[in-house]
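Everything on this sheet refers to the single structure shown next.
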Amino acid sequence: MKLGAHMSISGGLHLSLERGKEVGCDVIQLFTKNSTQWKGRIIKEDEAALFKKTRDKTRVEAIAAHDSYLINLASPDNIVWEKSVEAFYQEMVRAEKLDIPYLVTHPGSHRDSGEDAGLNRIAGALNMLLRMTPDFKKMILIETTAGQGASLGYRFEQIRSIIDQVMEPERLGVCLDTCHIFAAGYDMRDQESYNKTMEEFDRAIGITKIRLFHLNDSLKAISSRVDRHQHIGTGFIGLEGFRLLMRDKRFSDIPKVLETPKGEDMQEDVINLKTLRGLVN
């Protein structure tokens, strides 16, 4: 079982791996730059080498990088869209240099241009980016969203639409966020609702497209369309939903990372990871 959490890169990229080991992670997710800025400095060769050396030493794998929150591949504004494409290209370069297998992205916001128009913009951007990186080995993961505001990706069919429009669909996968799908209206609190949600995903996208889970409980009720994460078992999803997912043999080898709230000492990660591991047995 590959379990972990999102880790800070404060003080150096390699320290995210050290922090992961400290709290008991098998895998981690990280930003490869400041997530609230457009530009990031170029990763130097010695920095990438130290990152990989620390990975080998700690035996914690950086399974996913998450792109900047500023990027919006669905934007109807050409200037923002072009800036987003360039920023995402740089995110791909950084993940490739650090040998991180997955790059997670939120689909984006259509900004009142309409859902179909936004989905087309995303697909157009991804096609351009994939053409720019023919030799890249890393996979882009489209994250399910809560559907807050004009955000896309809150229905499984929307993600299917993006994949169908991309010329190299094999280079795309899905990151399923439990809080997000719950807030979007997909239930998982008991066996019947869990089965229904997974069947809907399989019908719309294909269950094998799931390459990563974000495990987060929800501070808000089902169908709220509000993205607020909570500690495992203390939100509206509750322990049973996570027990069902953790015991689902289809996902036993799929990495799972926390994005739950935490303080500086990261003890919340320790508790949440212990809770999840306890649900397996």
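Quick check on this structure: which one of GLU47, GLU22 is assigned to a helix (DSSP H, G or I) and within 25 Å of GLN267 (Cβ to Cβ)? Walk me through how you get there before you give the answer.
Values: GLU47 fails: within 25 Å of GLN267 (Cβ to Cβ).
None of the other options fit; the residue is GLU22.
Give me a count of the residues in segment 26-54 that are open to solvent by less than 10 Å² (accessible area, probe 1.4 Å) and under 19 Å from the mean Cα position of the chain (by Cα).
Of the residues in segment 26-54, 5 are open to solvent by less than 10 Å² (accessible area, probe 1.4 Å) and under 19 Å from the mean Cα position of the chain (by Cα).
Could you grab me the full set of residues in segment 141-175 that are assigned to a strand (DSSP E or B) and either open to solvent by 10 Å² or more (accessible area, probe 1.4 Å) or free of Cβ contacts under 8 Å to residues at least 24 places away in the same chain (or both)?
Kept after step one, since they are assigned to a strand (DSSP E or B), are these residues of segment 141-175: 141-143, 151, 172-175.
Within segment 141-175, just SER151 meets the criteria.
Out of the residues in segment 14-52 meeting the condition of being in contact with a Gly (Cβ under 9 Å, 6 or more places away or on another chain) and of a type in the set (S, T, N, Q), tell me which one is nearest to ARG277 (Cα to Cα).
Restricting to residues being in contact with a Gly (Cβ under 9 Å, 6 or more places away or on another chain) and of a type in the set (S, T, N, Q), the top hit is GLN29.
Just a yes or no: is a residue in segment 176-193 out of contact with any His (no Cβ under 9 Å at 6 or more places or on another chain), over 25 Å from PRO76 (Cβ atoms), in contact (Cβ under 8 Å) with a residue 12 or more places away in the chain and in a strand (DSSP E or B)?
Among the residues of segment 176-193, not one is out of contact with any His (no Cβ under 9 Å at 6 or more places or on another chain), over 25 Å from PRO76 (Cβ atoms), in contact (Cβ under 8 Å) with a residue 12 or more places away in the chain and in a strand (DSSP E or B), which makes the answer no.
Consider segment 221-242. How many of its residues are of a type outside the set (Ser, Thr, Tyr), farther than 20 Å from THR275 by Cβ and in contact with a helix residue (DSSP H, G or I) (Cβ under 7 Å, 6 or more places away or on another chain)?
4
Determine the pairs where a residue that is closer than 17 Å to GLU143 by Cβ, located within segment 105-124, has a partner that is open to solvent by 60 Å² or more (accessible area, probe 1.4 Å) and at pLDDT 95 or above with Cβ atoms under 6 Å apart, the partner being 6 or more residues away or on another chain.
ALA123/GLN165
Can you find, within segment 202-234, the residue that is surrounded by the fewest Cβ atoms within 10 Å (Cβ to Cβ) among those that are without any contact (Cβ under 8 Å) to a residue 24 or more places away in the chain and of a type in the set (Ser, Thr, Tyr)?
Top of the filtered list is THR208.
For the structure I just gave you, tell me whether GLU61 is open to solvent by 10 Å² or more (accessible area, probe 1.4 Å), within 25 Å of LEU215 (Cα to Cα) and under 21 Å from the mean Cα position of the chain (by Cα).
Working: open to solvent by 10 Å² or more (accessible area, probe 1.4 Å): yes; within 25 Å of LEU215 (Cα to Cα): yes; under 21 Å from the mean Cα position of the chain (by Cα): yes.
So GLU61 passes the test.
The values are calculated or read from the model by the stated rules, or taken from the named source; none is laboratory data. Small disclaimer: the values here were computed from a predicted structure and weren't measured. Counting neighbours? That spans all protein chains shown, and the Cβs are built from the backbone with ideal geometry, glycine included. Please note that ligands, DNA and RNA were not included when accessible areas were found on the heavy atoms of the full protein model with its side chains. Shrake-Rupley method; radii C 1.70, N 1.55, O 1.52, S 1.80 Å.
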